[in-house]
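Please read the structure below before turning to the comments.
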Amino acid sequence: MSIGGLMRTSVSGMNAQATRLSAVSENIANANTNGYKQTTTEFTSQMLANGKGQYNSGAVEANVRTLISEQGGLSYTANSVNSKKLDLAISGQGFLVVDDGNGGNVLTRAGSFMQQPDGTLVNAAGYALKGYPVGTNGTDFVLNGFAGLQPVNLNAGLLSASPSTKGILTIPLNKDFTQQATAADRPSANPDKTPDPKKTVSNSLVVYTNSGEAVKLDIYYTKTDDATNTWEVAVYDSRKASTTGTNRPFPYGGTAGAATTAAGLLKTSTIVFDATKNYSLKTVDGATNGIMPIDLSSIGGVAAFNLDIGNTTQFTGDNQPLEAKVDGNPAEVIDKVSVGKDGMVLATFTSGATRELYKIPLARVAAPDNMTVLSGNAFAPSLESGSVLMGFGGSDGFGSLISGALENSTVDMASELTTMIESQRSYTANSKVFQTGSEIMDVLVNLKR
């Protein structure tokens, strides 16, 4: 073995240990960095060909790996957008998709986001959270790429009104109700008297107009034929209700004593129940889809508001509503925001109305440890990591998205300090070998003297 080879081998050992110490230093510095994945250093020997009676020392190479797939511990923060801060953590596989600031997409597990003045959610590294906007037809979801993703912006469209286009109303009607005495006594005829509560069920539902005005609809169910299990449904604009007299809210928009249909009547439908199928709803105006379309244009709403009453039943018992909800919202600001385990961002307005704004996806790759590590605890897919697969929390092998929590750094401080001591001693030993080689060289030089 040559003396020069001895010294070069010891230098490679010192360089390798210096690399390991650099990785330890970075780990310790990021011991409290949310979403940080620790790096480890693996050594690989490099050998040279050896002849008979002669040995050529090789070298050692340090390979630094980032354990991206390692799960960090979770800590709950209870931070939500109410305080202009949203914390998201992932339990299991998957990464959040964020904007790198140049129109590109990168992945991260650092989910501490702060709402900016423009409404976007940006984490400590300056990456903006991305999601799928929720439209009337759901999300524009793509399985194998980032198409359709947009920065999550909580200010977009929040001050604009959204009219009601659909709703659900489920009322269990009492089968023991008897038929009204005459057709003129039904609510749709708007007589100057209050319907008999033993023959008519009344409920109300709030809808929103194009301008965002909340309008209460009064809805009356009246049994019209006991033999055929037929009922009449009459829908009124509550603003046309009478505010005086002993029979209020009747007449709606009419004159006292007039038994004529008034302007307040928005819809009259006939519903029939099927006695052979547990008295479930059979038809609405002859159709079997369970939808009662209501023209709300006269009150400033949409021309076709589809009210789903398909789950209405006719049993003996109390007449309390089982389900009542509509879409749309008034022009107002958000009161609070919640994020579900599947990534759905639900905004609740001050009126109590809700709207699904975005759905935050998760991304995963086949070999996450082979992704390219970027600044800010972000990662970029590479050829070695495999292509990106998109999905949502809690399904198809993806982890759960947890709101109000953060993933801690995966660094174990005790382990890092132990590694630092080991590297320090190894570095010292290699330096001693180099020093010995240097002393041998001095001996050779002095032989000439």
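The values are calculated or read from the model by the stated rules, or taken from the named source; none is laboratory data. All figures in this text were calculated on a predicted structure; none of them were measured in a lab. With ideal geometry, Cβ positions are generated from the backbone for all residues, glycine too; neighbour counts draw on all protein chains shown.
State yes or no: is SER403 at pLDDT 90 or above, outside the structural domain of LEU21 (by TED's automatic domain parsing) and in contact with a Lys or Arg (Cβ under 9 Å, 6 or more places away or on another chain)?
Yes, satisfied.
Out of the residues in the range 235-255 that are of a type in the set (Gly, Ala, Ser) and more than 18 Å from ALA183 (Cα to Cα), state the one that is modelled with the lowest pLDDT.
Here the residue is GLY245.
GLY58: farther than 30 Å from ASP335 by Cβ, in the same structural domain as ASP369 (by TED's automatic domain parsing) and surrounded by fewer than 18 Cβ atoms within 10 Å (Cβ to Cβ), yes or no?
Details: farther than 30 Å from ASP335 by Cβ: yes; in the same structural domain as ASP369 (by TED's automatic domain parsing): no; surrounded by fewer than 18 Cβ atoms within 10 Å (Cβ to Cβ): yes.
Taking the combined requirement at face value, the residue does not satisfy it.
I need a count of the residues in the range 103-126 that are crowded, with 17+ Cβ neighbours inside 10 Å, in a loop (DSSP other than H, G, I, E, B) and either touching a Phe, Trp or Tyr at 6+ places or on another chain (Cβ under 9 Å) or among the polar types (S, T, N, Q) (or both).
Result for the range 103-126: 2.
Given the conditions (1) at pLDDT 90 or above; (2) assigned to a helix (DSSP H, G or I), which single one is not true for ASN82?
(1)
Would you check which residues across the range 376-395 are over 19 Å from LEU88 (Cβ atoms) and either surrounded by fewer than 17 Cβ atoms within 10 Å (Cβ to Cβ) or in contact (Cβ under 8 Å) with a residue 40 or more places away in the chain (or both) and list them?
The answer is ALA380, PRO381, SER382, LEU383, GLU384, GLY386, SER387, LEU389.
Is it the case that VAL142 is surrounded by 17 or more Cβ atoms within 10 Å (Cβ to Cβ) and not basic (Lys, Arg)?
no
For the range 355-363, state whether one or more residues are at pLDDT below 90, more than 24 Å from LEU406 (Cβ to Cβ) and either part of a strand (DSSP E or B) or among the β-branched types (Val, Ile, Thr) (or both).
Yes, some residue in the range 355-363 is at pLDDT below 90, more than 24 Å from LEU406 (Cβ to Cβ) and either part of a strand (DSSP E or B) or among the β-branched types (Val, Ile, Thr) (or both).
Looking only at the range 87-102, count every residue that is at pLDDT below 90 and either in a strand (DSSP E or B) or not polar (S, T, N, Q) (or both) and tell me the total.
So the answer is 2.
Need at least 3 residues that are of a type outside the set (Phe, Trp, Tyr) and either under 22 Å from ARG248 (Cβ atoms) or modelled with pLDDT under 80 (or both) per element, so show me which strands (runs of 3 or more DSSP E) inside the range 153-234 make the cut, counting only ones lying wholly within it. Explain how you work it out, then say what you get.
Numbers: elements: 166-170, 172-174, 200-208, 214-225.
Here the list reads 200-208, 214-225.
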